[in-house]
Structures are given as C-alpha cells and as structure tokens.
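For reference, the structure discussed in these notes is given below.
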C-alpha cells in the first residue's frame, strides 16, 4: 500500500466525492477521483485502486435503485459499452489519455451549449426516444473512455439526458449501466496486472469511505426534485468538461 501520508490525505476526500456523486447524482463528480489521487501516485495505480471501489459503489447503488431502471434504454447501451471496453483494453498502453480528455471536454461543452439553446435543461422539454444507433455510439465512446481514463459519464449523459427521464429512473439506469461496465473492466485490468495485491489491499482499506459516501448520496437523491437533480447533473457536466479540458491541455503542454 502507499506509505506516503499525502496519498491518504488526498485519497479519502477524493473517494468520498466519487461515492457521493455516483450514489446520488449519476456520477457527475466521479471523474475527479483519479486526477485528485494522482497528486500522490501515478495515474495507472490510481485507476487500479479506483476500480474495486467503483464496484462497491455500484453494488450499493444498484441495490438502492433496484426495479427503477429503464431496461429498454439499458439494452441500447450495453453492446456498445462492451465494444468500447475491449477497444480501451487493447489500446490503454498506447493511447494518449490527454488527447482523449481534451476531445471529450470539448464535446461535453458542445453538448451543454446545444442543450441550453434547445431548452433541454427544462425538465418538461419534449423527450427523445431511445435509439439503438445513438445508444451504441455514445456507449462505445463511454466504454472506451471509462477504460482508459475512468471518464465514461459524459457520453452516457449526452445520450440519456435528452430522454427526460425522472431523476430516479435516470439514476437507476445510469448505475446499472456503469455496474456492467465496471464489472467487465475487471477483465482487461486483471490481464494488464493492474489488480495486484497492493492495489487491492489499498482499495479494501478505503472501502468504508465509499460505503458511507454512497449511502449519503442515495439519501440526498430522494430529498430533491427532478428539476433540481437535472440542474445539478448539468452543472456537474460543466465542471467535468472544464476539468477534462484543463487536464488535457496541461498534460499535452
């Protein structure tokens, strides 16, 4: 396990943010976890430590939102997500993650701008219908970016938000999909030797933090309105997009 006190100082709040965000707000702030942890350890180790914790969060979240998910929407995304994970696993050693972050950040801001122009932030705007073609496209990108950079949330939000689901259906479908993605990601991570004993032990020590954060997120989720939930998710996308662009440019420079 990491012995530097700095790791634990930054890892605990980072994990808490991830768990709270994924437990209650469709993972809007989850993308901050790995970048914060890289203050103390390298990105590959941070991603490896994060995956088992994400699986714990997913297990709690799937149980908490059971029977609320939209399986029709879920089914449009699973095949593409698996393809994206396979592509990410094959290229994780060679892909430039900074370029991926920069491109993804620009796309996120483009989506947000389009949403405001079309008034999609309004919870009562006309909803799009689930589409296998669009679902496969966005979920393939999500599977890939989730594997190489734990940044799968923005593409999924771009597909699911225009469907105008209620906050709990959106949250439930989101957590079910990412539970699937994270369980499948075990295969490439294990084959690449990322899930070694040291990383798994560190994840186990941090597990109580994610249990607390996830349950807190679930509790707050049920205390807010659909419109407030939607606005929080969009606001988190603004932060995510800005963070992705900043990290991408900083890494390339």
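For the chain, the longest principal axis of the Cα atoms and the long axis of helix 5-24 meet at an angle of about 20 degrees. Compute the long axis of helix 43-64 from its Cα atoms, compare it with the longest principal axis of the Cα atoms of the chain, and write down the angle in degrees, 0 to 90, nearest 10. With both axes taken from Cα atoms, the answer is about 50 degrees. For the peptides 40-53, 212-225, residues were scored by their other Cβ atoms within 10 Å and the scores averaged per peptide; the highest-first order is 40-53, 212-225. Cβ crowding within 10 Å ranks 37, 1, 77 as 1, 37, 77, fewest other Cβ atoms first.
A protection proxy built from the mean count of other Cβ atoms within 10 Å ranks the segments 181-191, 10-20, 158-168, most packed first, as 10-20, 158-168, 181-191. Going from the residue with the fewest nearby Cβ atoms within 10 Å to the one with the most, 71, 206 rank 71, 206. Rounded to the nearest 10 degrees, what's the angle between the helix 71-91 long axis and the longest principal axis of the chain, both from Cα atoms, 0 to 90? Orientation of helix 71-91: about 30 degrees from the principal axis. How much mean residue ellipticity at 222 nm does the chain get from its helices, if each DSSP H run of length 4 or more adds -39500 (n - 2.57) and you divide by all residues, to the nearest 500 deg cm²/dmol? Taken over the chain, the calculation gives -26000 deg cm²/dmol.
Label zone (residue 227, point 7 Å along Cα-to-C-beta; backbone nitrogen cut-off 17 Å) within region 78-118: 116.
Values quoted throughout were computed directly from the atomic coordinates according to the rules given, and no laboratory measurement underlies them. Only a predicted model underlies this, so the values are computations on that prediction, with no experimental measurement involved. Note that each Cβ is placed from the backbone with ideal geometry, even for glycine, and that neighbours are counted across all protein chains shown.
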